[in-house]
Amino acid sequence: MAIYLNKNYWLKSHAGTGKNLNIYGNEQVSASRNVCLWTQDRSAYAQQWVVNSFSGIYKIITALNDSYALGRDTTDNNCEMMLESNNDSKTSVAFVSVDADKNVYKIKLNISGTTLYLTAASNTDNANVYWAANTGTNAQHWKFVEVTEIETSDEYGYPTDSRTMSRGYSSSHPAIDVTGTTGVTPIYAFADGIISWKQTYNENWHPDDDDETHNGSMQISMGNAVAINHYNPDPSLVSGEYARTIYMHMSAPCSLSEGSTVNKGDIIGYIGNTGRSTGPHLHFCLSVGDLALMEPGETGWIQISNLPNKDAVETYLPDYHL
């Protein structure tokens, strides 16, 4: 991947796991207006940026008004909007690759005698953005996400209408938790596939021990749950022939049986609070790889620790946010 001129991008902080670069005040732009972070708003041009080249000098221009670019207040190194013209010494930038495959870069002021990078003060709404010396941390790592990339693919889609997460992906939590209302917020199939496993949860049922296909304590935790095997809907994003998605804590058991075919966007249940859950949410696991048991048509449970788990937000579903 690469950064292209004249395309609209969201600049997502912390290597894509954080908030969007945003002009303070949203739909307003003027000289010296502050730049901050804010939760993604797909309709806000204040969060859309264009990389342009002026006589070989690169600048990051706001989609609100192509006369204004990201710039540096030389008195305190704050990041502010500045008129692009006549401000080359404050608005010229260069891009230092952190992970080109994921379009993650550091944004460096390209000014002689200055080594400062665009930096987020924190990973929260309204966090300030400024220019600072190299820290080597995620606070200076920005992911360029094309605005068109965020649209739902013909091959896969979001499993919920809600885009708000209560918890993100980590090594100890290889899934995302999406908020919703018990029995009201629908859960959709991520892509075409075949039900590979389902669980009907009874709070009075506690398996005594594990067997070859199930893990007792995990079953109690998952509540009403279902797993679907898919062909990988977009190998250009993550390599591997197959994908498996798992949906946990549903309000009621999935009405489909193992071996049933589903299409992208089919309602397979509703957000719930069953199992070990502290509030209504969908615990959504995504795995992509070449395991034979992930092939559509195969049935049975696969221990989550044995699956090639992926961060859904980093791969296929970047519109989800905390």
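The values are calculated or read from the model by the stated rules, or taken from the named source; none is laboratory data. Not measured: the values here are computed from a predicted model. Ideal geometry is used to build each Cβ from the backbone, glycine not excepted, and the neighbour counts take in all protein chains shown.
Among the residues of segment 274-295 satisfying the criterion of being among the charged types (D, E, K, R) and more than 10 Å from His249 (Cα to Cα), which is farthest from the chain's Cα centre (by Cα)?
That would be Glu295.
(1) more than 19 Å from Gly157 (Cα to Cα); (2) in a strand (DSSP E or B): which one isn't true of Thr274, the others all being true?
Result: Thr274 fails condition (2) only.
For Ile246, state whether it is more than 19 Å from Tyr316 (Cα to Cα), within 22 Å of the chain's Cα centre (by Cα) and in contact (Cβ under 8 Å) with a residue 60 or more places away in the chain.
no
What's the number of the only condition in (1) assigned to a loop (DSSP other than H, G, I, E, B); (2) under 22 Å from Tyr156 (Cα atoms) that Cys285 fails to meet?
(1)
What do you reckon, is Asn110 in the same structural domain as Ile57 (by TED's automatic domain parsing) and touching a Ser or Thr at 6+ places or on another chain (Cβ under 6 Å)?
yes
Would you list the strands (runs of 3 or more DSSP E) that sit entirely within segment 5-58 and hold 1 or more residues that are surrounded by 20 or more Cβ atoms within 10 Å (Cβ to Cβ) and under 14 Å from the mean Cα position of the chain (by Cα)?
Answer list for segment 5-58: 8-12, 20-23.
Residues are listed down the side, and each one gets a yes or a no for (1) surrounded by 14 or more Cβ atoms within 10 Å (Cβ to Cβ); (2) not in a strand (DSSP E or B); (3) not assigned by TED's automatic domain parsing to the domain that holds Lys143:
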| site | (1), (2), (3) |
| --- | --- |
| Phe95 | yes, no, no |
| Asp101 | no, yes, no |
| Lys106 | yes, no, no |
| Thr115 | no, yes, no |
| Asn123 | yes, yes, no |
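Out of Leu322, Leu286, which single residue is touching a residue at least 60 places away in the same chain (Cβ under 8 Å), closer than 25 Å to Gly168 by Cα and not assigned by TED's automatic domain parsing to the domain that holds Pro235?
Exactly one residue qualifies, and that residue is Leu322.
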